[in-house]
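Below you'll find the structure, written out as structure tokens, and then a few comments.
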Amino acid sequence: MIDVTAGKMVFRIKLVFTFILIFGIAIASGIFLFGERISQSTSALVHQDVPIYQQFQNLRNQLTEQERYLYLYYASFNQGHYTNGFQAAQLETRVTLEKLQDHFGNQPALVAILENQQRVLVLAAEFDKNMQLRELNQTDWDLARTQLSDSTLSMRTIAPHIAELTEIVNGQVVASQKKIDEQLFWVNSFVILYALVSLVIAFLVARSIRAYLDSNALNQRLSLFPKRTPNPIISLDRTNKVTYVNPATRRLLARLGRSAEDSSILLTEELLQFQSEILRSDKHFSQFEYKVEQVTFMCELHWLPDQNQWDLHLTDVSAQALAEAKLNFQAYHHPETCLANQYKFREVLESASSTGSQFTLGIIEIRSFNQLLSAGTFEEIQQVVKEIAAVLDKACHDQQSSIELYHIGDKNFAVRIPDSDCQPTVNSLVKLILQRIRMTSFSGEAQIELDFGFACFPQHGDSIDNIIHHTRIALDASASEEHSDFKLFSDKLGELISRQQSLLHLMRIALQEEVFQLYFQPQYSLVSDALIGAEVLIRWHHEDQWISPAEFIPLAERSGLIMPLGDWILDTACAKAKELIDMGYPDLVIAVNISPKQFAHPNFVENVENVLMKHGLPARNLELEITEGVIFNNEVETIQSLHELKNLGVQLAIDDFGTGYSSLSYLKQFPIDKLKIDQSFVRQMHNNKEDQSIVRTIIDLGVNLRLTLIAEGVEEKEQVGLLKEMGCNEIQGYFYSKPLDEGYFAYFLQSKKSVA
Ligand code: C2E
Ligand code: CA
Ligand code: CA
């Protein structure tokens with residue numbers, strides 16, 4: 001390409017110079033010819049026209065001389081004036097006239113001059129003859145004078161003719177002057193034209209040379225580029241044979257321990273593919289990255305059609321690639337456990353779902369993570385989480401190497417089991433994980449329990465959001481259900497959850513609109529054979545249906561709605577209790593169920609105190625039912641709150657006793673008044689020896705701890721008999737009364753119905 005440009009340039013320059021030469025010769029010839037003509041014209045002027053004037057002057061002088069000698073002759077009678085003076089002048093006149101004749105030929109004015117001169121000569125000769133007669137005294141003086149005046153007249157007659165000839169010469173001089181001017185004008189024009197054309201050509205040539213020099217310099221620089229660049233450049237012919245490698249390529253090969261002949265190892269395996277893409281498209285290059293041994297290259301592949309050649313410009317981007325890989329790793333991995341994180345999880349799910357492949361999704365949650373957090377420092381918890389991650393990782397791998405584990409949140413892990421037949425794989429995986437977790441002793445002797453939720457794609461959800469949502473539903477269901485190892489999503493579970501969601505929504509509205517009602521279930525003392533109080537139970541009548549608190553209270557508890565709902569219950573129960581007491585039942589005790597979340601609130605005790613004050617209800621008329629779990633959850637603060645409540649004078653009962661942790665020894669530490677024996681033991685106690693002995697044990701324990709005992713769910717007369725015999729103090733159940741609305745309860749109270 002470079003040579004082609006140079007060749008063109010040389011040709012152009014030669015062409016221009018040839019043109020200038022031809023043009024120059026033409027102009028020079030023109031000028032020469034005009035010069036010749038000017039020279040001719042000037043020479044005629046100088047050699048002919050201008051000297052003529054001198055001849056005119058000479059003629060005039062000579063005629064005057066002739067005349068003067070004639071008069072001197074007349075005056076002096078000296079013939080010498082004629083023979084010497086006049087004759088000499090007359091000869092000179094003749095020479096002058098001959099010259100004029102040469103110039104003018106037979107010009108009439110000159111002919112007239114010649115004739116007059118001839119007459120003068122004749123008159124002069126006659127005058128001389130007359131004068132010579134003087135010696136003889138025969139001179140005719142009158143004639144002499146006439147002869148003299150005639151000759152003078154003739155000579156004078158010549159003057160206008162000389163003037164006429166002068167005019168002719170003047171005309172000739174002016175004409176040749178004009179001719180010279182014209183010729184000079186053309187010469188000048190040619191010279192100016194030549195100068196202008198030469199100037200324009202010189203400018204164009206200079207410009208071309210400048211462009212040529214510039215392009216030459218650029219070409220030189222470009223030709224140096226491959227040698228000087230620190231980046232490898234490789235040229236290939238059409239058959240991909242290496243035709244050139246630059247020094248940087250050789251250095252790179254040396255660094256890789258290869259010789260210069262091994263340059264083809266630096267080519268990507270996908271070269272043919274990139275080349276055909278370039279040839280198919282209308283752009284002549286492509287950019288891509290690839291790796292050779294440990295080096296990552298950014299390659300620019302150029303197709304040079306005029307040279308039938310491929311050029312590869314390589315840049316070593318290993319450092320950037322490494323940094324990018326590190327950033328990428330950080331972006332897609334959990335910083336502590338180095339497991340793939342939630343973003344990777346989502347990406348993998350999206351690509352798996354787009355291919356339509358089947359998989360099972362699982363979310364694993366560390367149970368009671370908040371308690372774990374409050375039990376140790378951040379670093380200790382991080383350590384425990386790392387240990388859990390390691391156990392999960394190993395178990396997943398041992399179960400099936402294709403299982404992928406992700407760490408998607410502080411307390412959440414996720415597993416993706418590709419191509420799995422849902423249930424059996426899940427069963428064995430959960431079993432293996434639980435077994436390994438039980439066998440592992442974690443830092444700080446942390447007791448680790450896990451909840452699992454699973455869903456299968458696409459049976460349980462055909463979008464990523466759906467499948468994750470359903471897996472979480474299964475996880476929540478598993479977490480809220482005691483003694484459940486894991487839950488696999490099912491349509492039933494889905495329905496349940498969607499019902500729960502709509503219930504939650506309706507519950508919020510019901511709370512705002514004060515749709516809830518409080519029922520009272522009377523409690524009966526076996527000792528005093530009297531009604532001693534009532535448990536407040538919430539009722540929700542929605543669209544002609546009663547919705548059980550057993551369904552919506554746990555929901556409210558999980559969603560946090562229990563806080564405003566619990567406040568409303570306590571407030572309303574206390575207001576009603578005050579009304580009932582004021583009806584004349586000063587010893588009536590109203591028991592209100594308190595959910596664990598409500599109890600755990602730091603302002604709970606203060607709230608109770610405020611409510612009591614607000615309604616003027618004596619504290620002893622209020623009993624709070626809490627579950628075993630409440631006590632177990634947060635011991636120090638719980639004991640504190642229990643003592644504060646006790647100090648207020650409020651009664652404290654443990655609800656559903658026997659179903660929780662059943663660690664009887666802990667009871668001693670708490671200022672409890674009453675144990676409520678769970679109805680699950682009471683229900684079959686008259687038929688079932690085991691239940692009977694559980695009830696008996698609880699009663700014995702309570703008696704020992706000087707606690708009041710109340711049996712719940714008492715429906716049968718036999719149960720009453722047994723309980724009485726065992727030493728139980730109080731009963732509550734359908735046998736005595738179902739929960740009653742406010743009006744009925746007031747009526748029931750008045751009737752003071754007693755046990756038959
Ligand atoms: P719980 O505190 O154990 O309440 C006793 C439950 O047993 C009540 O069910 C009551 O209607 C029922 N029951 C009473 N006697 C008998 C009987 O002889 N036989 C049978 N089969 N059942 C009997 P309910 O009202 O459906 O309440 C269920 C649970 O809902 C309660 O269990 C309690 O945990 C919760 N709950 C009810 N009302 C409230 C409330 O106002 N606040 C809070 N936090 N929880 C409440
Ligand atoms: Ca209760
Ligand atoms: Ca109960």
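Do the conditions hold for Gly743, that is, is it over 25 Å from Val608 (Cβ atoms), more than 14 Å from ligand 3 (Cβ to nearest atom), not in a loop (DSSP other than H, G, I, E, B) and not hydrophobic (A, V, I, L, M, F, W, C)? Criteria met by Gly743. Reported count of residues in segment 248-304, each being out of contact with any Asp or Glu (no Cβ under 7 Å at 6 or more places or on another chain), surrounded by 16 or more Cβ atoms within 10 Å (Cβ to Cβ) and assigned to a helix (DSSP H, G or I), is 9.
The residues of segment 219-237 that are assigned to a helix (DSSP H, G or I) and open to solvent by 80 Å² or more (accessible area, probe 1.4 Å), listed by number, are Gln220, Arg221, Leu222, Phe225, Lys227, Arg228. Residue pairs, Cβ under 8 Å, 6 or more apart or interchain, first in segment 548-571 and more than 21 Å from Ala591 (Cβ to Cβ), second surrounded by fewer than 18 Cβ atoms within 10 Å (Cβ to Cβ) and among the polar types (S, T, N, Q). List them. Qualifying pairs under 8 Å: Arg558/Ser480. Are any residues in segment 443-468 surrounded by fewer than 17 Cβ atoms within 10 Å (Cβ to Cβ) and not acidic (Asp, Glu), and if so, which ones? Selection gives Ser443, Gly444, Gln447, Pro458, Gln459, Ser463, Asn466. Can you tell me which residue is surrounded by the most Cβ atoms within 10 Å (Cβ to Cβ) among those in segment 485-514 that are free of Cβ contacts under 8 Å to residues at least 40 places away in the same chain, touching a strand residue (DSSP E or B) at 6+ places or on another chain (Cβ under 8 Å) and not in a helix (DSSP H, G or I)? In this case the residue turns out to be Phe489. Among the residues of segment 611-621, is there at least one that is within 19 Å of Val536 (Cα to Cα) and within 16 Å of ligand 3 (Cβ to nearest atom)? Within segment 611-621 (the criterion being within 19 Å of Val536 (Cα to Cα) and within 16 Å of ligand 3 (Cβ to nearest atom)), the answer is no, since none of the residues qualifies. State all residues of segment 171-229 that are farther than 30 Å from Phe104 by Cα and of a type in the set (S, T, N, Q); if no residue qualifies, say none. Passing the criteria: Asn188, Ser189, Ser198, Ser208, Ser215, Asn216, Asn219, Gln220, Ser223, Thr229. Being touching a Phe, Trp or Tyr at 6+ places or on another chain (Cβ under 8 Å) and more than 13 Å from ligand 1 (Cβ to nearest atom) narrows it down to one of Ile626, Ile631, Ile590, so name that one. Just one listed residue meets the conditions, Ile631. Residues of segment 43-86 that are of a type in the set (Val, Ile, Thr), under 21 Å from Val173 (Cα atoms) and loosely packed, with under 15 Cβ neighbours inside 10 Å: Val46, Val50. Return yes when Asp544 is more than 11 Å from ligand 1 (Cβ to nearest atom), closer than 19 Å to Gly649 by Cβ and surrounded by fewer than 16 Cβ atoms within 10 Å (Cβ to Cβ) and no when it is not. No, not satisfied. Assess whether Lys738 counts as being in contact (Cβ under 8 Å) with a residue 40 or more places away in the chain, within 16 Å of ligand 3 (Cβ to nearest atom) and open to solvent by 70 Å² or more (accessible area, probe 1.4 Å). The answer is yes for Lys738.
Screening Ile694, Ile710, Ile698 for residues that are assigned to a strand (DSSP E or B), within 16 Å of ligand 3 (Cβ to nearest atom) and buried (at least 17 other Cβ atoms within 10 Å of the Cβ) leaves exactly one candidate, Ile710. Scanning segment 423-477 for residues that are in a helix (DSSP H, G or I), modelled with pLDDT of 90 or more and of a type in the set (Asp, Glu) yields one hit, Asp465. Looking for something of a type outside the set (Asp, Glu) and more than 24 Å from Phe413 (Cα to Cα) - is there at least one such residue anywhere in segment 331-350? For segment 331-350, residues of a type outside the set (Asp, Glu) and more than 24 Å from Phe413 (Cα to Cα): absent. Residues being within 16 Å of ligand 2 (Cβ to nearest atom) and assigned to a helix (DSSP H, G or I) are entirely absent from segment 720-736. Among the criteria (1) surrounded by fewer than 18 Cβ atoms within 10 Å (Cβ to Cβ); (2) within 14 Å of ligand 3 (Cβ to nearest atom), the one Leu705 does not fulfil is (2). For the subset of segment 610-628 comprising residues that are open to solvent by less than 40 Å² (accessible area, probe 1.4 Å) and of a type in the set (D, E, K, R), which member is farthest from Leu652 (Cα to Cα)? Among them, the one singled out is Glu628. The residue that is nearest to the chain's Cα centre (by Cα), counting only those in segment 393-422 that are modelled with pLDDT of 95 or more, within 12 Å of Gly362 (Cβ to Cβ) and in a strand (DSSP E or B), is Tyr406.
Mind checking which residues of segment 515-541 are open to solvent by 30 Å² or more (accessible area, probe 1.4 Å) and in contact (Cβ under 8 Å) with a residue 12 or more places away in the chain? Steps first, please.
Initial filter on segment 515-541 (open to solvent by 30 Å² or more (accessible area, probe 1.4 Å)): 515, 517, 519, 527-532, 537, 539, 541.
Once the filter is applied, which keeps residues that are open to solvent by 30 Å² or more (accessible area, probe 1.4 Å) and in contact (Cβ under 8 Å) with a residue 12 or more places away in the chain, segment 515-541 yields Val515, Gln517, Tyr519, Val527, Asp529, Ala530, Leu531, Ile532, Leu537, Arg539, His541.
Put simply, of Glu609, Glu637 the only residue that is acidic (Asp, Glu) and at pLDDT below 95 is Glu637.
For segment 658-674, the candidate set comprises residues that are within 16 Å of ligand 2 (Cβ to nearest atom) and either under 60 Å from the mean Cα position of the chain (by Cα) or modelled with pLDDT of 95 or more (or both); within that set, the residue that is least open to solvent (accessible area, probe 1.4 Å) is Lys674.
The values are calculated or read from the model by the stated rules, or taken from the named source; none is laboratory data. Not measured: the values here are computed from a predicted model. Positions of Cβ are generated from backbone atoms using ideal geometry, with glycine treated the same way; all protein chains shown enter the neighbour counts. Just the protein is used for accessible areas: all its heavy atoms, side chains included, with ligands, DNA and RNA removed. Shrake-Rupley method; radii C 1.70, N 1.55, O 1.52, S 1.80 Å.
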